[in-house]
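Notes for the one structure printed next.
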Amino acid sequence: MRIALGQLLSTYDPGENLREVADLARRAGEDGAQLLVLPEATMVAFGRSLKGVAEPLDGPWASAVSELAQQHSLAIVAGMFTPGDGDRVRNTVLIALPDGTVRGYDKIHLYDAFGFTESDTVDPGEEPVTFTVGDTTVGVATCYDIRFPRLFTRLAHDGATVTVVCASWGDGPGKAEQWELLARARALDTTSWVVAVGQANPLAAGEENPEKAPRGVGHSIVAAPDGSVVTSLGDAPDYAVVGLDMELVERTRTAIPVLRNAREL
């Protein structure tokens, strides 16, 4: 399975961000990728009001991404914002499949940490989500979700052998190291591939972040079912394509069947 990682740096202009998605989708299609993974908040960066930009999954922004998925014959996952209850929004991962199907995963674990309270403006999701790419079941998680192993083991029990994580992982002391550690740990927890793609670091791209909202730390990573790192990017905007050995999942699960051996306590 070939997966493309698009470590971009979103702006506050959804149209500009869509043009970046279009370029990455073109590159991924030309490179034979079956799935393009983009960060949380690809539609628009954190730091300003999200209510005015939130759109439903059949709105113009998601529809344009769906057209790109169909045009380039690959699945695309990208973070966006959809309407919630009242003045709130939902932090949604758009899942656009090459047959025109559009689905969404609403972030379950909201980022009320490090002095930032996402729950002030965002409604949480409730249901884990998987989708298929060819013969592979793919689970979906968003940013802070990566700190919660039970979501990942649930996705694995639901059939996922790959879980993608879309993130806008805020920078700070030790944050990049935590990000890598957590991605590798979730791969070990589930003996699955974990493909974690985050926003680039604004400082690496020569930008400031006056809003102090979480933007990105970069360091997108692909962790194998045995916890090894197969691909790791730096902190600047970047792009990579990696081939996943799907047979490694079964070999690892045979050698160390943690999913089967786990007991409810």
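The values are calculated or read from the model by the stated rules, or taken from the named source; none is laboratory data. Computed from a predicted model, the values in this text were never measured in an experiment. FYI the Cβ positions are ideal-geometry reconstructions off the backbone, even for glycines, and counts take in every protein chain you see. Side chains are part of the model used for accessible areas, which takes the heavy atoms of the whole protein and leaves out ligands, DNA and RNA. Shrake-Rupley method; radii C 1.70, N 1.55, O 1.52, S 1.80 Å.
The set of residues in the stretch 170-190 that are surrounded by fewer than 22 Cβ atoms within 10 Å (Cβ to Cβ), in contact with a Gly (Cβ under 8 Å, 6 or more places away or on another chain) and hydrophobic (A, V, I, L, M, F, W, C) comprises 176, 185, 188. Checked against (1) on the phi > 0 side of the Ramachandran plot; (2) over 19 Å from the mean Cα position of the chain (by Cα), residue 262 passes all but condition (1).
Provide a single number: the residues in the stretch 29-46 that are charged (D, E, K, R) and either assigned to a loop (DSSP other than H, G, I, E, B) or closer than 16 Å to residue 95 by Cα (or both). Full working, then the answer.
First, the residues of the stretch 29-46 that are charged (D, E, K, R): 30-31, 40.
Subset that is either assigned to a loop (DSSP other than H, G, I, E, B) or closer than 16 Å to residue 95 by Cα (or both): 31, 40.
Summing the residues that are charged (D, E, K, R) and either assigned to a loop (DSSP other than H, G, I, E, B) or closer than 16 Å to residue 95 by Cα (or both) in the stretch 29-46 gives 2.
Would you please list the contacts, defined by Cβ atoms under 9 Å and residues six or more apart or on different chains, that run from a residue in the stretch 163-176 that is among the basic types (Lys, Arg) to a residue that is surrounded by fewer than 18 Cβ atoms within 10 Å (Cβ to Cβ)? Listed pairs, sorted by first residue: 175/114. Cβ-Cβ distances below 6 Å connect the following pairs, each with a first residue in the stretch 87-106 that is surrounded by fewer than 22 Cβ atoms within 10 Å (Cβ to Cβ), a second residue that is of a type in the set (Ser, Thr, Tyr), and a separation of six or more residues or different chains: 88/121; 90/82; 98/73; 102/66; 104/92; 106/92.
Counted as qualifying within the stretch 112-169 are the strands (runs of 3 or more DSSP E) with 3 or more residues that are under 27 Å from residue 213 (Cα atoms) and open to solvent by less than 10 Å² (accessible area, probe 1.4 Å), namely 136-142, 162-167.
Taking first residues from the stretch 112-132 that are within 28 Å of residue 97 (Cα to Cα) and partners that are open to solvent by 60 Å² or more (accessible area, probe 1.4 Å) and among the acidic types (Asp, Glu), the Cβ contacts under 6 Å between residues at least 6 apart in sequence or on separate chains come to 123/85; 130/158. A count restricted to the stretch 1-28 and to residues that are in a strand (DSSP E or B) and surrounded by fewer than 24 Cβ atoms within 10 Å (Cβ to Cβ) stands at 1. If you go through the stretch 47-93 one residue at a time, how many are within 18 Å of residue 8 (Cβ to Cβ), among the small types (Gly, Ala, Ser) and not in a loop (DSSP other than H, G, I, E, B)? Count: 6. For the residues 187, 196, 183, the requirement of being in a strand (DSSP E or B) and under 21 Å from residue 75 (Cβ atoms) singles out 196.
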